[in-house]
Each structure stands twice: as structure tokens, then as C-alpha cells.
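Q: Mind having a look at this structure? Questions to follow.
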Amino acid sequence: MNCLSVKKQVLVALVGSLLQVVGVGETAEAANFNPAPLFPKVNHYNTTVTTNGDSTDIFFPVTSNYNLKQQKFPIALLLPGSRVDTSQYSEFAKIVASYGFTVVVPERIRSLPDFGFTGLLPEVSQVNDVLEFMLTENSNPDSPIAGTLDTDNLVLLGHSFGGAVGLSAIDNSCIFPLCERQFQRPEQLRAGAFFGTSTFIGSGEFLPINNQGIPIALVVGSQDGLVTPELTQADYNNSIQEPPKTLITVDGANHYGITNINNPPGARLDPNNPTLEQEQAIETIARWSALFLRAYAIDDSGAFDYINKTGDALDENVTVISQVKSVPEGKLGVSLFLTMLAFSILHLRSKLLP
């Protein structure tokens, strides 16, 4: 066992002791939460987004015939990175779908002569195009997902450039080259989780994201050589304007920890090699992204506690910083205690962890 694991176990034990001493009632409930996928089987199919002509892969959870009539799954639009083939996200998409989402991975080919670019590149208008298409797909009796969608619940996932596109959509802005035509953020948009992305525009400046309370998770690999952890931290501090917001650092993953293989063909090379196995990196990024979206898009209290309270201590490959909305006045005493405890934990972390 490495030194980091030992230190983290010490920190976990100390936090657990503190919570037992003060008798925080949520501890037992949080301990019973299982962060594993909810649906062991996921199917997928390829189709065309009729609203814009994009080829797309759709991943969806498989339920029993009885449950199929009861379950309604949020729509999760996954916006790929620049020049990354959409097939590279199949393992990630399967895992997210297994947490109760219908994941849409569209392929958009664009030409940007001013940038000397032609290739795979997402764009903000896909958000509304995909939502409109999925409304039709939900009512299409020949569709494998007919009648299974929560059409009032759209969440975003994104990688690299795709994450910047997702942030722009949440900001309700249309900035070239993230966006090429008019855009209006749909009211169904509930939350977003983005890996290896940044709004950095140079000279120490970041695009402000006026999320108006829409929850955002920024996920970054500690070995990312293209969008460094320092850049993502600055985005979390300066770009995302309002909570809820969460910064999730995956130890050992690089910029392509989300894709089926490291440095996929055609994509920009990350000079840093990952130290976390690719399969484990994909699972970790997908699990944290999916649980963040469950916490905020469908009010899953167990997922909320995992993201904001317990998961960091339970997962030795992850470090989390989060800000949640203020609590009602009646809970001020507990909130004050938790705030003080959080500062104490951060102080201890600085002493115990490198």
C-alpha cells in the first residue's frame, strides 16, 4: 500500500471519529449508500439526429418490461473533444447510462477555415437539436427508447472542447467557435459535468460562466498535460459564478482518462502518461459524473451526500472540493458546524496529504 493510501485512511478514520462524536444524523444513511450502477445491462443503437443530420450513438439502461413502464430516464448529451471519434466514448457512456440516464453521443463534423480546421468538433446548437430530436424519439413507437425518457430533464457531459461548449450552453451564450448560430438555453437543462475542460482565453483571463444556479462539476486528471489541474482550479474559482459547483480531481488520469484508449488517433497528444489504469480512470470519471448529475438533476440524496460529503474519503483516487447552496435558516447551527469541520478537514489534509 502506498504512502498516499495510508495517509488517506488516517484522514478517513479521523473524520469518521469526529462525526460520531458530534452525532451527525446523516452519517448512518450516507454509510448505506451504494455508489454502484443501478442498471447492470445497457444497450445502444446508432441513428441520425433528424433535426441536424448528425450521426449519433444512444446508450440506454435495460429494465424489465414492468419497470420499463415506470422508469423515466433523463437525457444526457455527451459533447466530445476536438477530433476525438465518438466511438472513443462508448465505455464512458455505458457506465453513465447504467446510473439511469439515456446518453446521446452525436458526431458533428465542422469546417473552420479561419482556424485551418476541418474535423470532429461539437457546437452549442446541438443542445437544442438533440433535445428536439429526443422528444420525437420518445414518442416514436419504433424507437428502442420510446416512452422511457424524462423529457423535462436534460443534462450535459463534455470532454475538452466539448466541455467548453457545454459551459457556453449553460451560460446561455453564443461565442464563436463554440457556437455558430443563435442559441437559447432550454429550460429543461438541469446540470452539467465536464472533464478536461477550461474557459481560459489567455493572459490570465477566463470566460465567466453565469450559470444562474445550474450545478456544474469540473472533473480533471492530475496528470492532464493539456488542461492542467491548475487551470481547472482557476476555472472553478473564477469562471463558475454560482454554486452548486464541484471540482473533482482524479489522481493519475491524464487528458484522455475518459476515452477508451489513451491518446486516441487524430486527437491532440497529451505528453503526460497516465499512472491510473485506463479502465479504472473511465469508471471513476463516469461514476463521479453520473452521481453528480443524479444528485442535482433528480434530487438523489444518497448521490448528493456521496458527492459532497463521503465519496472523497471513500475513493482513494479522487479529491473533491464543492460549494453547495445555502441551507434554510433553521439548519444554520448544523451548517456552521459542518463549515468549521470542513475547514478543519482541509487543514488536516494539507498536513497529511502531499
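The values are calculated or read from the model by the stated rules, or taken from the named source; none is laboratory data. For clarity, every value in this text was computed on a predicted model and none was experimentally measured. Cβ coordinates were reconstructed from backbone atoms using ideal geometry, including for glycine residues, and neighbour counts include every protein chain displayed.
Q: Answer yes if at least one residue in region 322-335 is surrounded by fewer than 15 Cβ atoms within 10 Å (Cβ to Cβ), under 23 Å from A97 (Cα atoms) and at pLDDT 50 or above, and no otherwise.
A: Scanning region 322-335 turns up no residue that is surrounded by fewer than 15 Cβ atoms within 10 Å (Cβ to Cβ), under 23 Å from A97 (Cα atoms) and at pLDDT 50 or above.
Q: When the residues of region 195-210 are narrowed to those that are under 23 Å from R287 (Cα atoms) and not β-branched (V, I, T), which ends up surrounded by the fewest Cβ atoms within 10 Å (Cβ to Cβ)? Before you say what the answer is, go through the steps one by one.
A: Pass one, region 195-210, residues under 23 Å from R287 (Cα atoms): 195-198.
Restricting the remaining residues to those that are not β-branched (V, I, T) gives 195-196, 198.
Working: F195: 33, G196: 31, S198: 23.
For region 195-210, the residue satisfying everything is S198.
Q: Within region 198-212, take every residue that is out of contact with any Leu (no Cβ under 7 Å at 6 or more places or on another chain) and part of a loop (DSSP other than H, G, I, E, B) and give me the one that is modelled with the lowest pLDDT.
A: First, the residues of region 198-212 that are out of contact with any Leu (no Cβ under 7 Å at 6 or more places or on another chain): 202-208, 210-212.
Among the residues that remain, those that are also part of a loop (DSSP other than H, G, I, E, B) are: 203-204, 207-208, 210-212.
Values: S203: 72, G204: 76, L207: 90, P208: 94, N210: 96, N211: 96, Q212: 95.
Of everything passing the filter in region 198-212, S203 is modelled with the lowest pLDDT.
Q: If a residue must be free of Cβ contacts under 8 Å to residues at least 12 places away in the same chain and in a helix (DSSP H, G or I), how many such residues does region 213-250 contain? Steps first, answer last, please.
A: Taking region 213-250 and keeping what is free of Cβ contacts under 8 Å to residues at least 12 places away in the same chain, we get 228, 230, 237.
Filter once more, keeping what is in a helix (DSSP H, G or I): 230, 237.
Selection size over region 213-250: 2.
Q: Return the residues of region 269-294 that are in a loop (DSSP other than H, G, I, E, B) and either of a type in the set (A, V, I, L, M) or at pLDDT below 95 (or both); say none if nothing qualifies.
A: From region 269-294, those in a loop (DSSP other than H, G, I, E, B) are 269-277; that's our starting set.
Those that are in a loop (DSSP other than H, G, I, E, B) and either of a type in the set (A, V, I, L, M) or at pLDDT below 95 (or both): L269, L276.
Q: For region 253-262, which residues satisfy the criterion of being surrounded by 16 or more Cβ atoms within 10 Å (Cβ to Cβ) and more than 17 Å from S289 (Cα to Cα)?
A: Result: N262, single match.
Q: Quick check on T136: is it in a strand (DSSP E or B) and in the same structural domain as D305 (by TED's automatic domain parsing)? Spell out how you get there, then give the answer.
A: Values: in a strand (DSSP E or B): no; in the same structural domain as D305 (by TED's automatic domain parsing): yes.
Here the answer is no, as T136 does not meet what is asked.
Q: Quickly run through region 128-186 and pick out the residues that are buried (at least 19 other Cβ atoms within 10 Å of the Cβ) and among the acidic types (D, E).
A: Scanning region 128-186 gives D129, E137, D150, D171.
Q: Residues being buried (at least 16 other Cβ atoms within 10 Å of the Cβ) and over 16 Å from the mean Cα position of the chain (by Cα): count how many of those fall in region 228-249.
A: 5
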